[in-house]
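Note sheet for the following structure.
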Amino acid sequence: MVVNFKVFKKVSPNGKLTLYLGKRDFVDHISSVEPIDGVIVVDDDYLRDRKVFGQVVCSFRYGREEDEVMGLNFQKDLYLASEMIYPPPEKREDNLTKLQERLLKKLGPNAFPFKFTISPSAPASVILQPGPEDQGEPCGVQFYVKIFVGENETDRSHRRSTVALAFRKVQYAPSKQGRQPCTVVRKDFLLSPGELELEVTLDKQLYHHGERVAVNICIRNNSNKVVKKIKAMVQQGIDVVLFQNGQYRTSVASLETQEGCPIQPGSSLQKIMYLTPMLESNKDRRGVALDGQLKSEDTNLASSTLLATADHKDAFGIVVSYSVKVKLFLGALGGEVSAELPFILMHPKPETLKGKLLTADSQADVESFRQDTVDEPGLLAAN
């Protein structure tokens, strides 16, 4: 059986270095991150008496590129891994993946494998949506594999002999649902007998992108106030860890209703409101957090960030969370009553053909592969 599989390829401007990656999404399992492995092909004549180094670069942009004036720079490049790939180390461990074995067999003696390991505490790939009039690279966290010719790891790379390819560090949803979110808020009023009770329940804790969130609302009005309107919204919480006051919230889905209102003293109401947080309804909103984006690929609202502990926040990361907030409006004099419930919004773990190919033992599976040439002109300028 002949099976095609996708390989991402990029060539340096001078054509002397070629980088191959089998995928561009590497999974963060919270306790560890998938190794970033691939293959480079070198030109023997050009690289005689020269060395090739590989690095994993985390680029964190925390300010607009157009505001960089008078020497200001709103970007930090963090080097998470670095090693010499060519000439290959004498004591290199030949613990190759199936994909590397297949590529080495096809690409010949000038091909050399590499493997980088990064810390699970490294930030997730998240970008903040720029405004319609914004120019330049978006704010956020992006990752690159950078391969360059130099004398040592700290040597300044030359653009023509450097190749860099973006990838994403991603998390997938847990396989098990957590406890069903539920909260009850009771409010009494000065000089008024009784209290107003608001109970909010979600049908589950974990949602996948594109799923609608069912918000179960139960209102018991034992006060002398009148509930005139109900509003439910999904809020995206963004914590830019670098800044002390870098936390803010954005409503990414909302619904307002007067159905069943007014709720008079002594009355009650039970209803379900449905909300679907989607990027399509937030396309022009600056500052909304999105999953890291690769060129010419669609993206979506950023997934929730899962941390082993609250202390594992990387100083150069962006932590994303979601919650449902329900508000009861009691009129100008009555004020508001609100309740909030956190939930998780993520992609399910994919079951793809590519994952099966990497564990296949049949040599017939590797008789051919398809190369996807990618071009990322903004990559080198960021380094």
Where in region 143-200 are there trypsin sites (Lys or Arg not before Pro) that are in a DSSP coil and have at most 16 other Cβ atoms within 10 angstrom of their Cβ?
-> 156, 176, 179
Applied in sequence order to region 332-347, the curve 6.51 cos²θ - 1.76 cosθ + 1.60 (Karplus, θ = phi - 60°) yields integer Hz couplings, x standing for Gly and Pro, of 4, 8, x, x, 9, 10, 9, 9, 9, 9, x, 8, 10, 10, 8, 8
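Could you work out the relative contact order of the chain, using alpha carbon pairs under 8 angstrom and six or more residues apart, expressed as a whole percent? Let's see the in-between values first.
On the way: 887 pairs, mean separation 80.1, N = 383.
It comes to 21 percent, rounded to a whole number.
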Return the aspartates and glutamates within reach of residue 98: Cα separation strictly under 14 angstrom, same-chain partners fewer than 8 residues apart disregarded; answer none if there are no such residues.
-> 37, 361, 365, 367
Which is the longest part of the chain that has none of the GluC sites (Glu not before Pro) sitting in a DSSP loop with at most 11 other Cβ atoms within 10 Å?
-> 152-258
Ignoring ligands and nucleic acids, residue 328 exposes an accessible area, probe 1.4 Å, in Å² to the nearest 10, of 0 Å²
Going by accessible area, probe 1.4 Å, with all protein chains left in place, what is the ranking of 304, 251, largest first?
-> 251, 304
Per its Cα gyration tensor (rounded if a/c is under 1.5, else prolate when a/b beats b/c, else oblate), region 1-64 is best filed as oblate
Net charge near residue 78, counting Lys/Arg +1 and Asp/Glu -1 over other residues with Cβ under 13 Å of its Cβ?
-> +2
All-pairs alpha carbon distance profile, region 301-355, 10 Å steps from 0, percent = 17, 29, 26, 18, 7, 2, 0
In the Gaussian network model of the chain, springs joining C-alpha atoms below 10 Å, which of 311, 203, 239 carries the largest mean-square fluctuation?
-> 311
Selection from 194, 230, 161, by position along the positive dipole direction of the chain (Cβ) = 194
Note down the accessible area of residue 158, probe 1.4 Å, to the nearest 10 Å².
-> 110 Å²
Find, among the chymotrypsin sites (Phe, Trp or Tyr not before Pro) in region 299-340, those assigned to loop by DSSP (not H, G, I, E, B) with at most 13 other beta-carbon atoms within 10 angstrom.
-> none
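Computing the accessible area with a 1.4 Å probe over protein heavy atoms, can you report the carbon and sulfur percentage for region 10-163?
47 percent
How do 139, 58 stack up against each other in accessible area, from largest to smallest, with a 1.4 angstrom probe?
Values: 139 30, 58 0 Å².
Greatest to least solvent exposure: 139, 58.
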Considering only DSSP states other than H, G, I, E and B, which trypsin sites (Lys or Arg not before Pro) in region 47-93 qualify as loop sites with at most 10 other Cβ atoms within 10 Å?
-> 48, 91
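Rounded if a/c is under 1.5, else prolate if a/b is larger than b/c, else oblate: which is region 187-304, with a ≥ b ≥ c the root eigenvalues of its Cα gyration tensor? Show your work: numbers first, answer last.
Numbers: a/c = 2.97, a/b = 2.04, b/c = 1.45.
Prolate shape, in that a/c is at least 1.5 and a/b is the bigger ratio.
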For helix 98-107, report the angle its Cα long axis makes with the longest principal axis of the Cα atoms of the chain; keep it between 0 and 90° and round to the nearest 10°.
-> 40 degrees
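Once you charge only the Cβ atoms, +1 for Lys and Arg and -1 for Asp and Glu, what is the size of the charge dipole of region 1-124 about its Cα centre, to the nearest 20 debye? Please list the in-between numbers first.
Working: 19 positive and 18 negative charges, 99 e Å.
Rounded to the nearest 20 debye, it is 480 debye.
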Ranked by GNM mean-square fluctuation in the chain (Cα springs under 10 Å), the top entry among 96, 279, 128 is 96
Give the long-range amide H neighbours of residue 17: residues separated by 5 or more places, or on another chain, with amide H under 5 Å away, using H modelled in the peptide plane at 1.01 Å from N.
-> 12
Virtual paramagnetic centre 7 Å along Cα→Cβ of residue 284, amide N under 17 Å, in region 108-144 = 129-135
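Would you compute, from DSSP H runs of 4+ residues alone, the mean residue ellipticity of the chain at 222 nm, taking -39500 (n - 2.57) per run and dividing by the full residue count, rounded to the nearest 500?
Numbers: 2 runs with 16 residues, N = 383.
When only DSSP H runs of four or more count, the value is -1000 deg cm²/dmol.
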Exposure rank, largest accessible area first [303, 267, 31, 254; 1.4 Å] | 31, 254, 267, 303
For the chain, what class follows from the C-alpha gyration tensor (a ≥ b ≥ c being the square roots of its eigenvalues): rounded when a/c is under 1.5, otherwise prolate if a/b is larger than b/c, else oblate?
-> prolate
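The values are calculated or read from the model by the stated rules, or taken from the named source; none is laboratory data. In this text the structure is predicted, and so the values were computed from the model without any measurement. As a convention, Cβ positions derive from the backbone with ideal geometry for all residues, glycine included, and neighbour counts pool all protein chains shown. We work out accessible area using only protein heavy atoms, side chains counted, and drop any ligands, DNA or RNA first. Shrake-Rupley method; radii C 1.70, N 1.55, O 1.52, S 1.80 Å.
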